[in-house]
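Structure first, commentary second.
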Amino acid sequence: MKQKLNLPSINPSEITPPEIYARRREFMAYGATGLLASTGLIPNSAWADTPQKLSKKTNSQYSSMETLTTQQAITSYNNFYEFGTDKSDPAHNAKILKTNPWVVHIEGLVKKPKTFDIDQLLKLAPMEERIYRLRCVEGWSMVIPWVGYSLSNLIRASDVLGSAKYIEFISLADPAQMPYISSPVLKWPYTEGLRLDEAMHPLTLLTFGLYGEVLPKQNGAPVRITVPWKYGFKSAKSIVKIRFTEHQPTTSWNLAAPSEYGFYSNVNPQVNHPRWSQATERRITGTNSLISPKIKTLPFNGYEQLVGSMYAGMDLHKYY
Ligand SMILES: Nc1nc2c(c(=O)[nH]1)N[C@H]1C(S)=C(S)[C@@H](COP(=O)(O)O)O[C@H]1N2
Ligand SMILES: [Mo]
């Protein structure tokens, strides 16, 4: 399978078409501005309403070289059902979300429950920029420059017991701030989960920012998960709780429509959604129209070389 990932041993200038390399250099330049902003941490006031820079180093090993989706498109075309089901709702309605102070509770199969506030989380490991494809189960995709670090850093800091096999992510569910929490479309709080080895995989990103700035609220501020080889709904936003469990947790989408949204939800062009094909996707770049040509969806969203071995021997039609 042709991998679109940039190999660590190769200088990007040797393998990247010139026009993309030029754009990429431009991009690196903006990255350098971000680095000037601070020494790795942002001040306590960082979660104010004005965009704040997050300093970070680009992780080229895990970054796609494809054309980035514009910041405008990434922040105005969203799924965040707590704030409404139209793509434009979250950008309008999430403005009132209070993201500071913010605490993430760690519970379940751990030596002792812990809490991390957002400043502790920001300091836990060096921030990296990772350019990931995001493939929504609805059939569109984006290329997003996230900022964060591998979730494995937080898992290691959580003193997880040997009996834990799964991890559950629980989003905020505050009816005072989230106008659509009362709607019956999903069971709230929004809950997602991974097998522990998936959560420990270095690609799984605890995410604090995009385009070099702290996450916009509509994208899941102040902290979310990003699992690039799975459909977008696995990547829970605005997380307040992480729980380690022995048994496979239930998830909001699986409860809502079990035959449509499985626990695994690895991007798989060979397993169709019961109501539509998953073989192709429309790339939203922000500079094309929504009726852009369809492109082929890749197994595991193009990350097969990195993650495929975790599913060796599994029937991926059964474990969809
Ligand atoms: N809490 C919560 N997390 C969520 C969702 C949601 O509705 N609520 N939508 C999911 C879906 S379907 C997708 S495609 C991605 C979209 O992330 P983005 O808006 O940052 O691109 O968030 C996921 N995380
Ligand atoms: Mo999605």
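General observations
- One chain, two ends: Glu66 and Lys111. Fully extended at 0.36 nm per residue, the span grows by 12.0 nm beyond their Cα-Cα distance.
- With Rh defined as the Kirkwood radius, the inverse of the mean 1/r over Cα pairs, the Rg/Rh of region 25-311 is 0.93.
- Applying both filters, DSSP loop and at most 16 other Cβ atoms within 10 Å, to the GluC sites (Glu not before Pro) of region 179-258 gives Glu246.
- Accessible area of region 25-311 belonging to carbon and sulfur atoms, whole % at 1.4 Å probe: 55
- When the alpha carbon gyration tensor of region 85-126 is reduced to an equivalent ellipsoid, the three semi-axes, largest first, read 29, 14, 10 Å.
- Sorted largest first, the spans of the alpha carbon positions of region 251-320 along the three principal axes are 39, 31, 18 Å.
- Reach of Lys57 by Cα under 27 Å, taken over lysines that are not fewer than 8 positions away in the same chain: Lys2, Lys4, Lys123, Lys217, Lys230, Lys234, Lys237
- For region 25-311, the solvent-accessible area of protein heavy atoms averages 41 Å² per residue (probe radius 1.4 Å; ligands and nucleic acids excluded).
- From the largest down, region 152-283 spans 41, 36, 32 angstrom on the principal axes of its Cα atoms.
- Length gained when the stretch His273-Lys57 is fully extended (0.36 nm per residue, less Cα-Cα span): 74.1 nm
- Of Lys165/Lys318; Lys114/Lys318; Lys114/Lys165; Lys53/Lys111; Lys87/Lys165, pairs whose Cα-Cα distance is over 26 Å: Lys114/Lys318; Lys53/Lys111; Lys87/Lys165
- Ser309-Asn288 pseudo-label distance in nm [points 7 Å out on the Cα-to-Cβ vector]: 3.4
- When the trypsin sites (Lys or Arg not before Pro) in region 213-320 are filtered for DSSP coil states and for at most 11 other beta-carbon atoms within 10 Å of their beta-carbon, the remaining sites are Arg275, Lys318.
- Residues listed by number, region 194-226, amide nitrogen under 12 Å from Tyr319 label point at 7 Å toward C-beta: 195-198
The values are calculated or read from the model by the stated rules, or taken from the named source; none is laboratory data. Remember, it's a predicted structure, so these values are computed and weren't measured experimentally. Positions of Cβ are backbone-derived with ideal geometry, glycine not excepted, and every protein chain shown enters the neighbour counts. The protein model used for the area step is the full one, side chains on, heavy atoms only, and it has no ligands, DNA or RNA in it. Shrake-Rupley method; radii C 1.70, N 1.55, O 1.52, S 1.80 Å.
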